[in-house]
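Engineer: I have a structure I would like to understand better, so I am pasting it below and will then ask my questions one at a time.
The values are calculated or read from the model by the stated rules, or taken from the named source; none is laboratory data. Quantities reported herein were computed from a predicted structural model and do not represent experimental measurements. Cβ placement follows ideal geometry from the backbone for every residue including glycine, while neighbour counts extend to all protein chains displayed.
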2 protein chains.
Amino acid sequence: MSDDCHSPGRSTSGQSQSLDEFGLIQRFFVDQNSYSNVWPFQGIGDDCAILELGCTRLAVTTDMMALGTHFLEDADPFTVGQKALAVNLSDLAASGATPKAFFLSLSLPAVDVAWLDGFSKGLLKEAATYNCPLRGGDTTKTASVDGKPGKTCFSICAIGEISSGPAMTRAGARAGDDIWVSGTPGDAFACLGEIWKEFTVPSRLLPYFKARMETPTPRVHLGTQIRHYASACCDISDGLVGDLKHILERSNVSAVLFWEDFPRSEQMSLLPELVQQRCILAGGDDYELLFTAPRSVRDSIEEIGKSGGVKVTRIGEILPSGIPLRILTKEEQSLPVMNSFNHFA
Amino acid sequence: MSDDCHSPGRSTSGQSQSLDEFGLIQRFFVDQNSYSNVWPFQGIGDDCAILELGCTRLAVTTDMMALGTHFLEDADPFTVGQKALAVNLSDLAASGATPKAFFLSLSLPAVDVAWLDGFSKGLLKEAATYNCPLRGGDTTKTASVDGKPGKTCFSICAIGEISSGPAMTRAGARAGDDIWVSGTPGDAFACLGEIWKEFTVPSRLLPYFKARMETPTPRVHLGTQIRHYASACCDISDGLVGDLKHILERSNVSAVLFWEDFPRSEQMSLLPELVQQRCILAGGDDYELLFTAPRSVRDSIEEIGKSGGVKVTRIGEILPSGIPLRILTKEEQSLPVMNSFNHFA
């Protein structure tokens, strides 16, 4: 089960018990049955499941999203369609797979032609941009609640191919590896935090942050290129530190991050330092790639970044296990290791 | 997009416009973009999409379901879990694929441990029975409606393999072919019709019908066996006549059905003739296979039925196009061609 989350709306139903999303999967959906003649696989806790078909290797991911939870209810349906596919493509990118096909399940309270028109156009535009065609799906009606229409929700299952070489997972980081990140994480949360009234953002900067929240860029091409060099990779959906922790746990290592080395957009650099830390370290919804690679391939990674149209930045180093994760400033002070988003927590 | 439906709960939100489920897919989700280097595929309007990977062939299907729409809200979670996977396995069976893996997206209003325990156990039991392991998924929170918790819903994406020979589709029926059906269709709707108060059923018969509704048997083994003989195939989710019409449209042929030849369970044969017609011809939720095959392989199909543990019955014949579909009694009277279920209609 993937543990990716992304949540522009605030969840309001407060009946969840102590099990969080990860505990829920562990407790109920770890299968003790035995199977015969199945495809070998890896990927529990990764962005994708990697299925070994013998003649090729597939990466498969699925994400379920709803208006009112993952999207603002009045979000532009075109960008909702774009992002619905983008977050799945981002999972494929994190495993280094080339997108090949996706499937859409769509649950609607009613047929809203204007919404469907925008949503489908955004979805199919994203499909065309990343050469990942819609190959099937299902439509149904959302159950109403006490006579009131339920919310629109949808699930996408995307399939990518890794025809040669290994898939990237979260499990391969080794002490001494560099820690890299693509793009400028935190920008999406600069909009979301404003919506959630955690902080305020100058209104002239909001359009940029809103665009980064609504139309994240899945790093598909970067993923396929770094696959031959990276030791571990994930996409940033929960927040940089939270997602890094997944790599550290799966790889049984620790890390140090250097705060001043973090990339930040021009717009982000105009926000107060504490807001920057909140957004960049624990914001989430970035869909940038966070990956580790041996120092020996540093030049190759730099080169891929330059040629691939997206900046990649070294932000830290993998350390042996047993050392606490630290985020250092240039004065060697430690920043608090902020927690990030978790459904049901 | 698949056009399978299955609907034990009654949908209550009445804001849908004139577009039905099929029109909705046609209007919004037919992609005019061009793609390069993608897997060739077939399957628009079939139970599964068939993806040609070069070295092998995959069948992929997805179904979205919700408590309160596809399942009664108080349905036993164990059987909900079983059926959630079964309806997807039934789609794989209709293409003749061998199940290989499935993915679950689960949207919950809150963590209900008892429900999750039953649901996951039923789901994983079905997975073990049909050798189709859970390989990934996503969990999220259902958006609330005016502060009230939304409904539990889930989407499954199942992948099967057809390693040699062609996939079955709805498009290959030819005039002169026999029409076959597996099992005893109509039993599920005998329960559903009672719940919907369309008719009443003697209470001593209800447990049998309820079991057929709650735990349909996906005809996975049968599907893989008839694949080399059948000219067209689908599973019965919307109702036998409605699903047959899909085969007729896709194959550009017509058909005649012989009512007295239809298989019926001992329990069904105790219901009034008109109720039998309603259930068997237009009930839906059967998940039996409806397929066509040349007369020349009649003996082979009979043999597969005898050895495979499920009865297969010849119920009609494919005719050239242009002739109206008819359902004849032995007195050569025509029965009304009943319509079947369609979301958003």
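Engineer: Quick one: which residue in A:Ser155, A:Ser144, A:Ser203 is outside the structural domain of A:Leu53 (by TED's automatic domain parsing) and among the polar types (S, T, N, Q)?
Structural biologist: Only one candidate passes the filter, namely A:Ser203.
Engineer: Cβ-Cβ under 6 Å, sequence separation 6+ or interchain: first residue in the range A:198-227 and more than 20 Å from A:Glu288 (Cβ to Cβ), partner among the aliphatic types (A, V, I, L, M). Which pairs?
Structural biologist: A:Phe199/A:Val275
Engineer: Do you know which residues across the range B:30-48 are in contact (Cβ under 8 Å) with a residue 24 or more places away in the chain and at negative phi?
Structural biologist: Once the filter is applied, which keeps residues that are in contact (Cβ under 8 Å) with a residue 24 or more places away in the chain and at negative phi, the range B:30-48 yields B:Gln42, B:Ile44, B:Asp46, B:Asp47, B:Cys48.
Engineer: Moving to a separate point now. Step by step: first the residues of the range A:141-186, then only those that are free of Cβ contacts under 8 Å to residues at least 40 places away in the same chain and out of contact with any His (no Cβ under 6 Å at 6 or more places or on another chain), then the one that is farthest from A:Pro109 (Cα to Cα). Which residue is that?
Structural biologist: By that ranking, first place goes to A:Ser164.
Engineer: Of all residues in the range A:88-110, count the ones that are surrounded by 24 or more Cβ atoms within 10 Å (Cβ to Cβ) and more than 19 Å from B:Ala49 (Cβ to Cβ).
Structural biologist: Summing the residues that are surrounded by 24 or more Cβ atoms within 10 Å (Cβ to Cβ) and more than 19 Å from B:Ala49 (Cβ to Cβ) in the range A:88-110 gives 8.
Engineer: Report yes if B:Asp47 is farther than 18 Å from B:Asp112 by Cβ and assigned to a loop (DSSP other than H, G, I, E, B), otherwise no.
Structural biologist: yes
Engineer: Further question: For the range B:264-281, state whether one or more residues are in a loop (DSSP other than H, G, I, E, B) and under 23 Å from B:Ser231 (Cβ atoms).
Structural biologist: The answer is no; no qualifying residue exists.
Residues are listed down the side, and each one gets a yes or a no for (1) closer than 27 Å to A:Leu222 by Cβ; (2) surrounded by 12 or more Cβ atoms within 10 Å (Cβ to Cβ); (3) in contact (Cβ under 8 Å) with a residue 40 or more places away in the chain:
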residue: A:Glu273; (1), (2), (3): no, no, no
residue: A:Glu288; (1), (2), (3): yes, yes, yes
residue: A:Pro294; (1), (2), (3): yes, yes, yes
residue: A:Glu303; (1), (2), (3): yes, yes, no
residue: A:Ile318; (1), (2), (3): yes, yes, yes
residue: A:Ser334; (1), (2), (3): no, yes, no
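Engineer: For the range B:196-226, name all the residues that are modelled with pLDDT of 95 or more, surrounded by fewer than 24 Cβ atoms within 10 Å (Cβ to Cβ) and basic (Lys, Arg).
Structural biologist: Residues satisfying the conditions are B:Arg204, B:Lys210.
Engineer: Select, from B:Phe41, B:Phe28, B:Phe78, the only residue that is more than 10 Å from every other protein chain (Cβ to nearest Cβ) and either touching an Asp or Glu at 6+ places or on another chain (Cβ under 7 Å) or modelled with pLDDT of 95 or more (or both).
Structural biologist: B:Phe78
Engineer: Being more than 7 Å from every other protein chain (Cβ to nearest Cβ) and more than 25 Å from B:Gly284 (Cβ to Cβ) is the filter; apply it to the range B:44-75 and report the residue that is nearest to the chain's Cα centre (by Cα).
Structural biologist: B:Leu58
Engineer: For the range A:148-162: of the residues being modelled with pLDDT under 95 and within 7 Å of chain B (Cβ to nearest Cβ), which is surrounded by the most Cβ atoms within 10 Å (Cβ to Cβ)?
Structural biologist: Ranking the candidates gives A:Cys153 first.
Engineer: Follow-up question, since we're still on this one. In the range B:293-345, what residues are at pLDDT 95 or above, under 18 Å from B:Ala230 (Cα atoms) and either of a type in the set (Ser, Thr, Tyr) or not assigned by TED's automatic domain parsing to the domain that holds B:Gly183 (or both)?
Structural biologist: Within the range B:293-345, B:Ser296, B:Ser300, B:Thr313 meet the criteria.
Engineer: Let me ask something else. Taking the range B:253-263, which residues are under 22 Å from B:Lys311 (Cα atoms) and assigned to a loop (DSSP other than H, G, I, E, B)?
Structural biologist: B:Phe262, B:Pro263
Engineer: Here's a follow-up. Examine the range A:240-252 for a residue that is surrounded by fewer than 24 Cβ atoms within 10 Å (Cβ to Cβ) and not in a helix (DSSP H, G or I), and state whether such a residue exists.
Structural biologist: yes
Engineer: Can you tell me which residues in the range B:215-239 are in a helix (DSSP H, G or I) and under 15 Å from B:Thr184 (Cα atoms)?
Structural biologist: Within the range B:215-239, just B:Leu222 meets the criteria.
Engineer: Could you check how many residues of the range B:87-106 are in a helix (DSSP H, G or I) and farther than 16 Å from B:Thr224 by Cβ?
Structural biologist: Looking only at that region, the number is 1.
Engineer: Also: Working only within the range A:127-140, note down all residues that are assigned to a helix (DSSP H, G or I) and touching a residue at least 12 places away in the same chain (Cβ under 8 Å).
Structural biologist: Within the range A:127-140, just A:Ala127 meets the criteria.
Engineer: Another question, if that's okay. Pick out the one residue from A:Gly122, A:Gly165, A:Gly186 that is in contact with a Gly (Cβ under 9 Å, 6 or more places away or on another chain), at pLDDT below 95 and not acidic (Asp, Glu).
Structural biologist: Step by step, each of A:Gly122, A:Gly165, A:Gly186 is checked, and only A:Gly165 is in contact with a Gly (Cβ under 9 Å, 6 or more places away or on another chain), at pLDDT below 95 and not acidic (Asp, Glu).
Engineer: Next up: Could you list, in sequence order, the residues of the range B:107-126 that are more than 7 Å from chain A (Cβ to nearest Cβ) and either under 21 Å from B:Leu89 (Cα atoms) or assigned to a loop (DSSP other than H, G, I, E, B) (or both)?
Structural biologist: Listed by number, the residues that qualify are B:Asp112, B:Gly118, B:Phe119, B:Lys121, B:Gly122, B:Leu123, B:Lys125, B:Glu126.
Engineer: Can you confirm whether B:Pro8 is more than 10 Å from every other protein chain (Cβ to nearest Cβ) and at pLDDT 90 or above?
Structural biologist: Here the answer is no, as B:Pro8 does not meet what is asked.
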